[in-house]
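Data block below; observations after.
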Amino acid sequence: MEYKDYYKIMGLSKDATPDEIKRAYRKLARKYHPDVSKEVNAETKFKELGEAYEVLKDPKKRAAYDQVGRSWQEGQPFTPPPDWGFDFGADQGFAGTQPGGGFSDFFEALFGGGFRRGRGGAYGRQTQVQGSDQHAKIQIDLEDAYRGAVSLISLNVPQVDSQGRMVSNVRTLNVKIPKGIKAGQRIRLAGQGTPGFGGGSNGDLYLEIEFKPHRYFRAEGRDIHLELPVTPWEAALGATVPVPTLGGTVELKIPAGSQAGKQLRLKGRGLPGAPAGDQYVALKIVTPSARTDEAKALYEQMAKVMPMNPRAAMGV
């Protein structure tokens, strides 16, 4: 069977109000009623309209339809999710037929079969709908990934209101950030997804980790990268200099004759793990300004003592 887009059939947006649904039905019912309509396939369109209205006018049916419809589009081959079902309750009216015949196979797959009689001879379905999983991205500090932390986050999550419409609400959660988590990894919060219906279990919430931009560090997997400013004499003569890491300051030995861009490795100084990541330090040579006559003279002396053409490899 194919998935039916009831909103498209009625010419409505998915946030349509109950009044808008009712007005659309009345307008289209007059247009396609088989007794008066001269439209092509009026009877078929009238049946589709009645089926769409049967679902969208009822807050519970609409909420269930919206939930399953997030993963489907009009005309796609459709199979109900495993353990699909919904409890419409004994007081919910349900007409199993409509003018011109019964509902479609798609409707029956979602809402037909397994009915129990309620008051006044109406039928409802005694089944359950499991809540769907939700996904979101959150940004955390690199330091929280290094040490582990509990972070307070706020998310805009879709919920079904009393009229069966999907609305967005702000939700605040305390999330435990595991030590050593990497960008792109997900944290699963069991039961924190979309609520189930009719006694069905809630879905899960999956949070994908992103790192906030850091003043010094950049993460690649569990490895950390840092650009370290050094003086020309530290690079030329060699030196031992302090270097920031996520775990604190350490000493780094710079080999004599180092050039700008040279990369040095601090083993195990990246994000924790099995194995832990490393920290890679790229040297950036910072040249002092010649602000005094003495400094200018020193640069002129260097040019005489150590003449060089740094563009020789370019042929210029």
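The values are calculated or read from the model by the stated rules, or taken from the named source; none is laboratory data. Everything quoted here is computed from the prediction, not taken from an experiment. FYI the Cβ positions are ideal-geometry reconstructions off the backbone, even for glycines, and counts take in every protein chain you see. Just so you know, the surface numbers come from the protein's heavy atoms only, side chains and all, with ligands and any DNA or RNA stripped out. Shrake-Rupley method; radii C 1.70, N 1.55, O 1.52, S 1.80 Å.
Filter region 55-65 for residues that are open to solvent by 20 Å² or more (accessible area, probe 1.4 Å) and in contact with a strand residue (DSSP E or B) (Cβ under 9 Å, 6 or more places away or on another chain); which is modelled with the lowest pLDDT? Top of the filtered list is 60. Can residue 167 be described as under 15 Å from the mean Cα position of the chain (by Cα), at pLDDT below 85 and either part of a strand (DSSP E or B) or not aliphatic (A, V, I, L, M) (or both)? No; evaluated as a whole, the condition is false for this residue.
Of everything in region 241-286 that is charged (D, E, K, R) and either open to solvent by 50 Å² or more (accessible area, probe 1.4 Å) or at pLDDT below 95 (or both), the residue that is farthest from residue 218 (Cα to Cα) is 253.
Contact annotation: residue pairs with Cβ atoms under 9 Å, 6 or more positions apart or on different chains, pairing a residue in region 24-47 that is without any contact (Cβ under 8 Å) to a residue 12 or more places away in the chain with a partner that is in a helix (DSSP H, G or I) and surrounded by fewer than 13 Cβ atoms within 10 Å (Cβ to Cβ), are 36/30; 37/30.
So that you can scan it fast, the table gives a plain yes or no per residue for (1) small (Gly, Ala, Ser); (2) on the phi < 0 side of the Ramachandran plot; (3) touching a Gly at 6+ places or on another chain (Cβ under 6 Å):
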position: 225; (1), (2), (3): no, yes, no
position: 228; (1), (2), (3): no, yes, no
position: 232; (1), (2), (3): no, yes, no
position: 235; (1), (2), (3): yes, yes, no
position: 246; (1), (2), (3): no, yes, no
position: 249; (1), (2), (3): no, yes, no
position: 257; (1), (2), (3): yes, no, no
position: 263; (1), (2), (3): no, yes, no
position: 267; (1), (2), (3): no, yes, no
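Selection within region 16-47: residues that are β-branched (Val, Ile, Thr) and more than 34 Å from the chain's Cα centre (by Cα). The member of this set that is least open to solvent (accessible area, probe 1.4 Å) is 44. Close contacts from region 167-191, counting a first residue that is within 17 Å of residue 144 (Cα to Cα) and a second that is among the β-branched types (Val, Ile, Thr) and part of a loop (DSSP other than H, G, I, E, B), with Cβ to Cβ under 8 Å and a gap of 6+ residues or different chains, come to 187/181. Scanning region 225-240 for residues being β-branched (Val, Ile, Thr) and open to solvent by less than 40 Å² (accessible area, probe 1.4 Å) gives a total of 2.
The C-beta contact set for region 211-235 (first residue without any contact (Cβ under 8 Å) to a residue 24 or more places away in the chain, second residue assigned to a strand (DSSP E or B) and open to solvent by 50 Å² or more (accessible area, probe 1.4 Å), distance under 7 angstrom, 6+ apart or interchain) is empty.
Being in contact with a helix residue (DSSP H, G or I) (Cβ under 8 Å, 6 or more places away or on another chain) and either open to solvent by 60 Å² or more (accessible area, probe 1.4 Å) or modelled with pLDDT of 95 or more (or both) is the filter here, so list the residues in region 184-224 that pass it.
At the first step, the residues of region 184-224 found to be in contact with a helix residue (DSSP H, G or I) (Cβ under 8 Å, 6 or more places away or on another chain) are 194, 197, 209, 211-212, 214, 217, 219, 224.
Of everything in region 184-224, those that are in contact with a helix residue (DSSP H, G or I) (Cβ under 8 Å, 6 or more places away or on another chain) and either open to solvent by 60 Å² or more (accessible area, probe 1.4 Å) or modelled with pLDDT of 95 or more (or both) turn out to be 209, 211, 212, 214, 217, 219, 224.
Could you tell me whether region 48-63 includes any residue that is on the phi < 0 side of the Ramachandran plot, part of a helix (DSSP H, G or I) and under 26 Å from the mean Cα position of the chain (by Cα)? Give the derivation first.
Quick first cut of region 48-63, residues on the phi < 0 side of the Ramachandran plot only: 48-63.
Now restrict to residues that are part of a helix (DSSP H, G or I): 48-56, 59-63.
This time we only want the ones that are under 26 Å from the mean Cα position of the chain (by Cα), so: 62-63.
There is at least one residue in region 48-63 that is on the phi < 0 side of the Ramachandran plot, part of a helix (DSSP H, G or I) and under 26 Å from the mean Cα position of the chain (by Cα).
In summary, strands (runs of 3 or more DSSP E) completely within region 204-316 and bearing 1 or more residues that are under 26 Å from residue 176 (Cβ atoms) and of a type in the set (Asp, Glu) occur at 205-211, 217-220, 223-230.
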